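Peer 1: Got a structure here, written out as structure tokens. Questions coming.
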Amino acid sequence: PPSPFATIPEDLPFGNRLAAGGPGILFLVPWLVTGGADKVNLDWIRGLAGRGYRLSVCAPLQAKHEWHSEFCAATPDVFILRHFLELRDFPRFLVYLIRSRRIATVIISGSTVGYQLVPYLRSRCPDVVFLDLSHVEEPHWLNGGHPRFGAGYQDQLDLNIVTTSHLRDWMAGRGADPARIEVCYTGVEAPAPDTTGRRQTLRGRLQVPQETPVLVYAGRICAQKRPAMLAEILRELAALGVPFRCLVVGDGELLPALRRQVRRYGLK
């Protein structure tokens, strides 16, 4: 465990500057796990890599990191910090990484320690641009979660990026300057035409007629994702006589409650 008020070493025993290439971008993310925000990070990294940027990724938390291979397929420069560093060495390693990779931009996405280290990193790397990316406020955690960090650290960040205009207004209500917050909506790439017959095969396995619309709820089944509202919407559709099948893909603490609600509404 980390020692309170540990001495932070600052000497860099080596330089190891890489050969020049495209602009370098460092993502500070919490972990490399399966999740919605994590998929957005992965999409950003894939998209930027495809446009010629050099990408580095640092994840400070211990986790199963089941998407480690997905991130490594997008960039080979992936570091799970807890695998080889103590917490007190995080600042020194990040400074080394920024200098050796010629990082021009640091993007913080869902990383608590990433926000906490911004003042230190700015003092050591004054020419680097620091951004953050936030998705949703979490009132039950740290008075709003990472968007609250984004508002509190705004004077240390060059720009806040949020995925909804609601979140921009929420942060502005907590002291952030809305002129320094940009909305970048989350999108997905349009699926390629199904040339393999997978849709028909899956519908056959689930006994869903080809003409019946299929709705998919994919995500954690928790209060933040509002699964109870999903059940209410499905009940309304059924009452209107709209034909559909709904697939719920995910797990979470509210799954038993959702199952009960589905049974109570006669939707099973």
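The values are calculated or read from the model by the stated rules, or taken from the named source; none is laboratory data. Note that this is a predicted model, so its numbers are computed, not measured. Cβ placement follows ideal geometry from the backbone for every residue including glycine, while neighbour counts extend to all protein chains displayed. Ligands, DNA and RNA are stripped out before the accessible areas are found, and what is left, the full protein with its side chains, is counted by its heavy atoms. Shrake-Rupley method; radii C 1.70, N 1.55, O 1.52, S 1.80 Å.
Peer 1: Being open to solvent by less than 90 Å² (accessible area, probe 1.4 Å), part of a helix (DSSP H, G or I) and closer than 23 Å to Asp43 by Cβ narrows it down to one residue among Leu167, Leu215, Leu202; which is it?
Peer 2: Values: Leu215 fails: part of a helix (DSSP H, G or I); Leu202 fails: closer than 23 Å to Asp43 by Cβ.
Going through Leu167, Leu215, Leu202 in turn, just one is open to solvent by less than 90 Å² (accessible area, probe 1.4 Å), part of a helix (DSSP H, G or I) and closer than 23 Å to Asp43 by Cβ: Leu167.
Peer 1: Quick one: count up the residues across segment 177-216 that are at pLDDT below 90, acidic (Asp, Glu) and more than 30 Å from Gly150 (Cα to Cα).
Peer 2: Of the residues in that region, 1 qualify.
Peer 1: Specify the residue that is nearest to the chain's Cα centre (by Cα); the eligible residues are those in segment 99-109 that are modelled with pLDDT of 95 or more and not polar (S, T, N, Q).
Peer 2: Filtering first and then ranking leaves Ile108.
Peer 1: Is there a residue in segment 35-52 that is in a strand (DSSP E or B) and either in contact (Cβ under 8 Å) with a residue 40 or more places away in the chain or more than 26 Å from Glu189 (Cβ to Cβ) (or both)?
Peer 2: Checked segment 35-52: no residue is in a strand (DSSP E or B) and either in contact (Cβ under 8 Å) with a residue 40 or more places away in the chain or more than 26 Å from Glu189 (Cβ to Cβ) (or both).
Residue-wise test of (1) basic (Lys, Arg); (2) in contact (Cβ under 8 Å) with a residue 60 or more places away in the chain; (3) part of a strand (DSSP E or B); (4) touching a strand residue (DSSP E or B) at 6+ places or on another chain (Cβ under 7 Å).
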{"position": "Lys64", "(1), (2), (3), (4)": "yes, no, no, no"}
{"position": "Tyr96", "(1), (2), (3), (4)": "no, yes, no, no"}
{"position": "Arg99", "(1), (2), (3), (4)": "yes, yes, no, no"}
{"position": "Ala104", "(1), (2), (3), (4)": "no, yes, yes, yes"}
{"position": "Val118", "(1), (2), (3), (4)": "no, no, no, yes"}
{"position": "Asp127", "(1), (2), (3), (4)": "no, no, no, no"}
{"position": "Phe130", "(1), (2), (3), (4)": "no, no, yes, yes"}
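Peer 1: Within segment 16-27, is even one residue open to solvent by 60 Å² or more (accessible area, probe 1.4 Å), among the basic types (Lys, Arg), outside any strand (DSSP E or B) and closer than 17 Å to Leu97 by Cβ?
Peer 2: yes
Every residue, every condition in (1) open to solvent by less than 50 Å² (accessible area, probe 1.4 Å); (2) aromatic (Phe, Trp, Tyr), yes or no:
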{"residue": "Leu121", "(1), (2)": "yes, no"}
{"residue": "Arg124", "(1), (2)": "no, no"}
{"residue": "Phe130", "(1), (2)": "yes, yes"}
{"residue": "Pro139", "(1), (2)": "no, no"}
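Peer 1: Can you report the number of residues in segment 236-258 which are under 28 Å from Glu137 (Cβ atoms) and either at pLDDT below 95 or surrounded by 14 or more Cβ atoms within 10 Å (Cβ to Cβ) (or both)? Give the derivation first.
Peer 2: Restricting attention to segment 236-258, the residues satisfying the condition of being under 28 Å from Glu137 (Cβ atoms) are 236, 246, 248-258.
Filter once more, so that each one left must be either at pLDDT below 95 or surrounded by 14 or more Cβ atoms within 10 Å (Cβ to Cβ) (or both): 246, 248-255, 257-258.
Of the residues in segment 236-258, 11 are under 28 Å from Glu137 (Cβ atoms) and either at pLDDT below 95 or surrounded by 14 or more Cβ atoms within 10 Å (Cβ to Cβ) (or both).
Peer 1: Then there is this: Output yes when any residue across segment 81-97 is open to solvent by 40 Å² or more (accessible area, probe 1.4 Å) and among the hydroxyl-bearing types (Ser, Thr, Tyr), and no when none is.
Peer 2: Within segment 81-97, none of the residues are open to solvent by 40 Å² or more (accessible area, probe 1.4 Å) and among the hydroxyl-bearing types (Ser, Thr, Tyr).
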